[in-house]
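The values are calculated or read from the model by the stated rules, or taken from the named source; none is laboratory data. Note that the structure is a prediction, hence the values are computed from the model and not measured. Cβ atoms come from the backbone with ideal geometry, glycine included; neighbour counts cover every protein chain shown. Each accessible area value is taken on the protein alone, full model and side chains, heavy atoms only, with ligands, DNA and RNA left out. Shrake-Rupley method; radii C 1.70, N 1.55, O 1.52, S 1.80 Å.
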Amino acid sequence: NESYLIDFGKAFFGTVQLSSTIRQVDSLVIHLGEKLNDENRIDRDPGGTIRYQKVVLTNLPANQKIKVKLTPDKRNSTGAAILLPDSVGVVMPFRYCEIENLKIPFKEISIHLRALHNKFNDNASSFSSSNKILDSIWQLCKHTIKATSFTGLYVDGDRERIPYEADAYINQLSHYSVDSLYNMARRTNAYFIENPTWPTEWLLHTVPMFYTDYMYTGDLKPLQDHYENLKLKTLMDLEREDGLISSSSPHLNKELIEKLGFKNPDTKIKDIIDWPPAQKDTGWKLATAEGERDGYEIVPVNTVVNSFYYYNLKLMAEIAGFLNKNEDAILFKKKANTVKETINTKLFNKEKGYYIDGEGSAHSSLHANMMPLAFGLVPNEHITSVTDFIKTRGIACSVYGSQYLLEGLYLSNEAQYALDLITETKGDRTWWNMIQVGATMTMEAWDVRYKPNSDWNHAWGTPPLNITTRYMWGIKPKTPGFKVAEIQPQLANLTYSNIKVPTKYGAIIANFKKDKNNRHYTIEIPDNMSAEFTVPQNNLKCMHNGKKIKPSHQIIILKSGVHSIDLKQ
């Protein structure tokens, strides 16, 4: 008798449109929100930055489309926030609409969610598997990529609507895994050239973003246009004699800060390690006093920042090669080798077999080990001891940090443990918890208690999406422009899986089925490209399109067309 509740199924950024065949002269109260309370009403005080808004319509005319006008949020509509055109109006994320004081029959009105998002091809990608938890999480992440595209740039979430490099990189990886439209990433990458953000590690995501774009598109122009700026964004100007860098370096002066693109030369570039940081830094009452840092001891020369630096140098060596800057390519490769050697000499605890947090530290965190693992810094003889340590920590990192945790695990043949982390259903530090609490987009933090101002619409929470494509199925561009793809599946205990991955040439469609000791793959490669399929280890017999393959041949070349691969253990 009090109200009607409409559930649109998934949250989008937008507003509500009403129309009625009968006029109501009395006022109508509209509630919009992302979250329900325990009484299945829209939560009027949802906490954090979970959204709710109340709008009063003075009347409801007949046979007119009425777009509900929302009140803008000051923080996400001023300053550095990405603004929407006046013609679009104000939007907010919501899933539910509650209508009070409706005096006319409900069947006489029509209610629509007017969703705003970037162009998105829902049919460009798909995924399913024998693990329904994994499927649900994949769908949660895919919807997040579509729904958070409403500004035309990769923004952090609704609280600020500001692009940040770390958020944008994960957003980019996940977006490229589900659609082959690259303009949004291009605009965001260009934005960061002139609008960098202050965390040290965030700056160090710029080169990976431009590198990833080239690998998927094959278009050299962004690299050519911004090459000198990308060199600056590696922060190699902060390098000391042994190759390591520090944000405490005296070289980080006003001149360099201006060169990096900061409008304010007094900007303080600071190491973050993970977000949110410790309770002593934020003042928040956090569920864990150390924040999401796993107790990381932040010292001037630390392992996480220098792991990122090594990865930047490694990518810049490739980028210089793409641009035929051979002297630079040699220089960057030499620098990368020096940094790798120094990290493994000065920042590695040989007695324990894993990395310390930084120079002079006696503490070892998850972060100080998952980053070297993800970026290929760990010597082969220490991979087991490093991964063993990592597996004692669980997900002692943020939603953002999980990107690198999962990458490192798959790169170290820990596919089953990685899959178990993605599909974990116990506790609140899980993607399943996001679904259980009612979010339909990935959340900024595992739960509000880990970040009191967190929101329910952060694309940096989508690592399972790009990890599924790029590491679980192992489908990535082998050469720039996806002319040659690599397919290196690590499907752990999945008994079947189907995936559709977009490329600029069309979709790679792959199917997998396991029956006792036999594993069967069917893979379709689009025209004008090929792929290299890496045969999983421990196979006694391998057949490709009915022909026997020698066990020594670990890579099968797949030309355009449909391929059948049978493996027997």
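Give the share of C-alpha pairs in each 10 angstrom bin for the stretch 437-569, from 0 to the last occupied bin, in whole percents, shortest bins first.
11, 37, 26, 15, 9, 1
Quote the charge dipole size of the stretch 202-286 about the Cα centre in Debye, to the nearest 20; the model charges only the Cβ of Lys and Arg (+1) and of Asp and Glu (-1).
About 360 debye.
My understanding is that a pair violates if its Cα-Cα distance is over 24 Å; which of 74/451; 67/142; 231/325; 146/500; 478/559; 476/504 do that in this structure?
Cα-Cα > 24 Å for 67/142; rest within.
For residue 384 and residue 6 in one chain, what is 0.36 nm times their gap in residues minus the Cα-Cα distance, to one decimal in nm?
Taking 0.36 nm per residue and subtracting the Cα distance, the gain is 130.9 nm.
How much net charge surrounds residue 114 when only the other residues with a Cβ under 13 Å from the Cβ of residue 114 are counted, with Lys and Arg +1 and Asp and Glu -1?
+3
Rounded, prolate or oblate, given the Cα gyration tensor of the stretch 339-487, with a/c below 1.5 counting as rounded?
oblate
Could you tell me the center-to-center distance, by alpha carbons, between the stretch 342-406 and the stretch 1-44 in angstrom?
Their Cα centres are 49 Å away from one another.
Could you look at the stretch 232-391 and say what percent of its accessible area is carbon and sulfur, using a 1.4 Å probe and all protein chains?
For the stretch 232-391, the apolar C and S fraction of the accessible surface comes to 49 percent.
Given the -39500 (n - 2.57) contribution per DSSP H run of 4+ residues, what per-residue ellipticity at 222 nm results for the chain, rounded to the nearest 500 deg cm²/dmol?
-9000 deg cm²/dmol
Given q = 0.12 Å⁻¹, what are the Debye log10 I(q)/I(0) values for the chain, with equal point scatterers placed on the Cα positions and solvent ignored?
Ignoring solvent entirely, the Cα scatterers give -1.23.
With point charges of +1 on the Cβ of Lys and Arg and -1 on the Cβ of Asp and Glu, referenced to the Cα centre of the chain, which listed residue (557, 128, 250) lies farthest in the positive direction of the dipole?
Working it through, the farthest residue towards the positive pole turns out to be 557.
Could you look at the stretch 8-108 and say what percent of its accessible area is carbon and sulfur, using a 1.4 Å probe and all protein chains?
Taking all protein chains in place, the stretch 8-108 shows 49 percent carbon and sulfur surface.
Which is farthest toward the positive dipole end of the stretch 357-437 among 395, 412, 427, measuring Cα position about the Cα centre, with Cβ charges +1 (Lys, Arg) and -1 (Asp, Glu)?
427
Nearest 20 debye, what's the magnitude of the dipole of the chain about its Cα centre given +1 on Lys and Arg Cβ and -1 on Asp and Glu Cβ?
With only Lys, Arg, Asp and Glu charged at Cβ, the dipole is about 1520 debye.
Which one, 77, 116, 143, projects farthest toward the positive side of the charge dipole computed for the stretch 1-160 from Cβ point charges (K/R +1, D/E -1)?
116
Full extension from residue 327 to residue 285: what is 0.36 nm times the residue separation minus their Cα-Cα distance, to one decimal in nm?
Contour length minus Cα-Cα distance gives 10.0 nm.
Provide the net charge surrounding residue 495, with neighbours chosen by a C-beta distance below 11 Å and charges set as Lys +1, Arg +1, Asp -1, Glu -1.
Charge balance in the 11 Å sphere: +3.
Take the alpha carbon gyration tensor of the stretch 314-423, find the square roots of its eigenvalues, order them as a ≥ b ≥ c, and report rounded if a/c is under 1.5; if not, report prolate when a/b exceeds b/c, else oblate.
Cα axes put the stretch 314-423 in the oblate bin.
By its C-alpha gyration tensor, with a ≥ b ≥ c as the square roots of the eigenvalues, how is the stretch 227-314 shaped: rounded for a/c under 1.5, else prolate for a/b larger than b/c, else oblate?
Because a/c hits 1.5 or more and a/b exceeds b/c, the stretch 227-314 counts as prolate.
Return the loop-located trypsin sites (Lys or Arg not before Pro) in the stretch 447-549 (DSSP other than H, G, I, E, B) with at most 12 other Cβ atoms within 10 Å of their own Cβ; answer none if there are none.
Those satisfying the criteria are 516.
At what distance in nm do the modelled label points of residue 263 and residue 522 sit from each other, each positioned 7 Å from its Cα along Cα→Cβ?
Once both label points are built, they end up 5.6 nm from each other.
Give me the net charge for the shell around residue 135: Cβ to Cβ below 14 angstrom, other residues only, Lys and Arg +1, Asp and Glu -1.
Combined, the nearby Lys, Arg, Asp and Glu give +3.
So with the 1.4 Å probe, I'd like the accessible area per residue for the chain, rounded to whole Å².
Dividing the accessible area of the chain by its residue count gives 41 Å².
Full extension from residue 62 to residue 545: what is 0.36 nm times the residue separation minus their Cα-Cα distance, to one decimal in nm?
The span from residue 62 to residue 545 would gain 167.4 nm if fully extended.
Cα atoms only: what Rg and Dmax, in Å, come out for the stretch 35-106?
14.9, 45
Find how many whole Å separate the alpha carbon centroid of the stretch 104-142 from the alpha carbon centroid of the stretch 158-191.
About 20 Å separates the Cα centre of the stretch 158-191 from the one of the stretch 104-142.
Using +1 on the beta carbon of Lys and Arg, -1 on that of Asp and Glu, and nothing else charged, what's the dipole of the stretch 405-503 about the Cα centre, debye to 20?
Using Cβ point charges on Lys, Arg, Asp and Glu, the stretch 405-503 gives about 320 debye.
If you count, for each residue, the other Cβ atoms within 10 Å and average over each peptide, how do 457-465, 396-404, 352-360, 291-299 line up from highest to lowest?
My ranking of the peptides, most packed first, is 457-465, 396-404, 291-299, 352-360.
At a 1.4 Å probe radius, carbon and sulfur cover how many percent of the accessible area of the stretch 409-529?
Of the solvent-accessible surface of the stretch 409-529, carbon and sulfur hold 45 percent.
Which of the lysines could a cross-linker bridge to residue 352, judged by Cα under 16 Å and excluding same-chain residues fewer than eight apart?
By straight Cα distance, residue 352 reaches 391.
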